[in-house]
1. Within the group A:299, A:343, which residue is more than 17 Å from residue A:200 (Cβ to Cβ), surrounded by fewer than 17 Cβ atoms within 10 Å (Cβ to Cβ) and in contact with a helix residue (DSSP H, G or I) (Cβ under 8 Å, 6 or more places away or on another chain)?
2. Is it the case that some residue within the stretch B:235-246 is over 17 Å from the mean Cα position of the chain (by Cα), part of a strand (DSSP E or B), touching a residue at least 60 places away in the same chain (Cβ under 8 Å) and over 24 Å from residue B:89 (Cβ atoms)?
3. So in the stretch A:208-233, with the set limited to residues that are more than 7 Å from every other protein chain (Cβ to nearest Cβ) and under 18 Å from residue B:121 (Cα atoms), which one is surrounded by the most Cβ atoms within 10 Å (Cβ to Cβ)?
4. Of everything in the stretch A:184-205, what is crowded, with 22+ Cβ neighbours inside 10 Å and within 14 Å of chain B (Cβ to nearest Cβ)? Give them in sequence order.
5. Can you tell me which residue in the stretch B:160-193 is farthest from residue B:109 (Cα to Cα), limited to those that are part of a helix (DSSP H, G or I) and over 17 Å from the mean Cα position of the chain (by Cα)?
6. Going by what's in this entry, would residue A:283 be described as free of Cβ contacts under 8 Å to residues at least 40 places away in the same chain and buried (at least 18 other Cβ atoms within 10 Å of the Cβ)?
7. Condition first: under 16 Å from residue B:17 (Cβ atoms) and surrounded by fewer than 22 Cβ atoms within 10 Å (Cβ to Cβ). Now tell me which residues in the stretch B:165-203 satisfy that.
8. Mind counting the residues in the stretch A:144-183 that are under 23 Å from the mean Cα position of the chain (by Cα) and exposed (fewer than 13 other Cβ atoms within 10 Å of the Cβ)?
């Protein structure tokens with residue numbers, strides 16, 4: 001409630017912020033996210049390894065990969081189901097170019113050579129996916145990107161020379177550098193937090209920069225965008241490239257966290273889960289995918305025990321996730337972010353009337 | 001690669017818009033048949049005709065929204081027949097749409113900003129435009145030109161119909177236009193907004209020519225120096241506003257039947 005209060009005051013231009021400098025105003029306007037950031041920085045002090053890895057780490061990684069989908073779908077109106085595939089390809093490249101338990105496939109390059117090339121390859125793939133689907137709209141974009149995701153899943157399943165078939169790669173270590181073992185729970189948590197926060201901030205910033213605004217123009221009216229001087233196809237492809245970089249970094253963090261990757265990391269069920277995360281969280285704001293990922297991870301982790309505790313079959317946890325998805329989307333088509341927005345507007349208008 | 005002589009010959013035609021034998025078919029329907037039309041730089045021309053005469057299709061062929069099935073389109077001497085719309089816009093062509101085509105979830109300011117950015121550099125920039133940037137001043141000027149200051153921060157989807165029409169016009173005036181195509185700009189405007197529109201059109205710098213499609217004769221004939229009459233996808237008469245008004249054939253075909261519109 002405190003978060004809600006501060007957001008309101010700043011939006012109304014009342015409170016102390018009005019009289020103080022631009023920095024204080026900025027702090028007041030972003031109080032909610034700054035408090036969240038502070039909490040995330042202090043989180044390792046109160047959380048054990050399980051919470052750092054299986055809850056926070058997993059949430060932020062899934063959030064990043066879903067963010068790349070949110071960027072395309074929310075700002076660009078392009079629902080791409082190939083973003084998990086971009087992340088998976090980056091993860092696979094880390095295993096192939098770097099270190100794994102498979103010396104006959106892995107090249108054992110150092111991390112600083114493997115990481116940039118993995119990002120480049122995954123981004124090239126994401127851009128190609130964009131080039132293939134940029135001239136399509138709506139359901140056709142979904143079909144093309146779903147086809148790409150499905151083909152990649154079967155490729156990894158059936159290809160042994162590069163992807164090692166259904167067993168994939170194991171014992172992929174996180175790197176050591178600056179004297180830190182980034183595979184340990186706390187350093188890895190901070191590494192993931194850094195990139196999650198960075199990708200969130202960059203998306204938020206770019207959404208009001210020419211590139212992001214033009215993308216929203218393309219979403220609202222591609223024909224008019226052409227008629228005011230924009231190359232709509234080029235803009236769409238560039239958006240896919242940008243989103244692919246975020247997904248690729250997420251994919252690399254995913255293999256560093258899990259130390260393994262297999263076709264089941266990029267299966268169609270995972271692709272659909274990512275879409276659910278993005279939609280449940282809300283496509284209207286870059287915080288949405290992280291909220292969606294948190295709900296998903298919590299349900300995934302605790303639903304089974306909760307069901308058993310109330311005397312139901314624990315294997316029904318997927319049903320519970322599905323029901324949760326249904327309820328949120330039914331009541332708020334723009335996800336949790338939409339619920340938050342409506343609550344804030346209601347609070348704001350009631351405050352305005354009480355002020356009169 | 002065309003030779004310098006060829007390019008000079010092309011530029012030497014001296015017309016802002018030059019259509020030669022332009023046809024456009026939609027399946028069996030010939031929306032435009034063999035249209036040849038020249039408009040000089042700075043010339044202001046009305047295109048009149050009943051519904052289905054091919055007026056909007058003509059504009060679509062000039063902007064490239066739909067390319068012509070046959071014929072050539074030149075813009076200030078350059079053959080733009082196969083150029084995509086955004087390339088023509090960057091060369092100084094502008095247009096408005098009969099049914100407003102706007103960015104409904106963005107604010108009025110963002111709509112005008114996109115139009116100004118679209119004909120300048122930095123369309124792909126990842127850096128936000130500062131409030132002190134010269135582009136932002138042009139945005140503010142265009143918004144006040146069409147009297148939308150009070151709703152500048154509102155999402156366009158919430159605007160009244162007349163305000164959306166005003167915004168249509170602002171988008172077409174962004175940057176440094178050389179030639180503008182207005183597709184029924186007065187449709188749905190109140191009498192006050194209509195006189196504002198006439199004022200904006202007559203106040204345009206003399207070097208900016210335009211083609212205007214308009215059913216309201218009071219607007220159309222006050223803001224142009226020449227008129228092209230279309231019927232069934234063909235041009236059947238060209239002249240000054242007074243010649244056209246006096247022409248018995250025109251009166252029978254068009255002015256008589258749709259004088260009430």
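1. The unique qualifying residue is A:343.
2. Narrowing the stretch B:235-246 to residues over 17 Å from the mean Cα position of the chain (by Cα): B:235-246.
Of the ones still in play, those that are also part of a strand (DSSP E or B) are B:235-239.
Right, trim to touching a residue at least 60 places away in the same chain (Cβ under 8 Å) and you get B:235.
Checking the rest, the ones that are also over 24 Å from residue B:89 (Cβ atoms) come to B:235.
Yes, because at least one residue in the stretch B:235-246 is over 17 Å from the mean Cα position of the chain (by Cα), part of a strand (DSSP E or B), touching a residue at least 60 places away in the same chain (Cβ under 8 Å) and over 24 Å from residue B:89 (Cβ atoms).
3. Once the filter is applied, the top-ranked residue is A:215.
4. A:199, A:203
5. Keep residues of the stretch B:160-193 that are part of a helix (DSSP H, G or I), which gives B:161-172, B:191-193.
After this cut, where a residue has to be over 17 Å from the mean Cα position of the chain (by Cα) as well, the list is B:161-163, B:191-193.
Numbers: B:161: 17, B:162: 17, B:163: 13, B:191: 25, B:192: 23, B:193: 20 Å.
By that ranking, first place goes to B:191.
6. Numbers: free of Cβ contacts under 8 Å to residues at least 40 places away in the same chain: no; buried (at least 18 other Cβ atoms within 10 Å of the Cβ): yes.
No.
7. Once the filter is applied, which keeps residues that are under 16 Å from residue B:17 (Cβ atoms) and surrounded by fewer than 22 Cβ atoms within 10 Å (Cβ to Cβ), the stretch B:165-203 yields B:177, B:178.
8. So the count comes out to 1.
Every number in this text was worked out from the coordinates using simple rules, so none of it is lab data. As the structure is a computational prediction, the values presented were derived from the model and not from experiment. We place every Cβ from the backbone using ideal geometry, glycine too, and count neighbours over all the protein chains shown.
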